[in-house]
């Protein structure tokens with residue numbers, strides 16, 4: 001497959017050309033070769049963008065994706081890169097899920113409040129005391 005224009009990459013990936021330029025600007029994508037001032041991308045950029053979109057759907061930030069692509073030595077296989085980042089993301093998600101459960105319990109406690117006066121209210125009990 002020959003080099004792709006920015007418009008072709010945009011159509012193939014469903015992204016806007018402005019997004020592609022931004023990803024290039026922040027170092028997610030390699031700088032495109034220029035022909036008569038126009039960007040020409042290697043076909044591998046399509047795969048990079050597919051992986052990037054997958055990672056975004058999984059909750060990874062652009063900085064984390066940059067680390068996935070460029071934050072390891074070239075000798076580090078992609079599966080090892082993904083595993084390192086995925087394990088950290090799973091820990092982050094577990095913390096987020098626990099926080100969401102705590103928030104839910106706090107809201108449920110608040111719904112049960114029947115206090116007439118603020119001075120009588122028991123809301124404010126730490127979340128982990130309800131476990």
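Quick one: is residue 95 within 19 Å of the chain's Cα centre (by Cα) and surrounded by 11 or more Cβ atoms within 10 Å (Cβ to Cβ)? Reasoning before the result, please.
Numbers: within 19 Å of the chain's Cα centre (by Cα): yes; surrounded by 11 or more Cβ atoms within 10 Å (Cβ to Cβ): no.
So residue 95 fails the test.
Just name the residue that is surrounded by the most Cβ atoms within 10 Å (Cβ to Cβ) out of those in the stretch 9-19 that are in contact (Cβ under 8 Å) with a residue 24 or more places away in the chain and in a helix (DSSP H, G or I).
My answer is 9.
Do any helices (runs of 4 or more DSSP H) lying entirely in the stretch 22-131 carry at least 3 residues that are in contact (Cβ under 8 Å) with a residue 40 or more places away in the chain, assigned by TED's automatic domain parsing to the domain that holds residue 2 and in contact with a helix residue (DSSP H, G or I) (Cβ under 9 Å, 6 or more places away or on another chain), and which ones are they?
Because the criterion is at least 3 residues that are in contact (Cβ under 8 Å) with a residue 40 or more places away in the chain, assigned by TED's automatic domain parsing to the domain that holds residue 2 and in contact with a helix residue (DSSP H, G or I) (Cβ under 9 Å, 6 or more places away or on another chain), the helices (runs of 4 or more DSSP H) in the stretch 22-131 that meet it are 44-57.
The values are calculated or read from the model by the stated rules, or taken from the named source; none is laboratory data. Because the structure is a prediction, the values reported are computed rather than measured. Cβ: placed from backbone, ideal geometry, glycine included. Neighbour counts: every protein chain shown.
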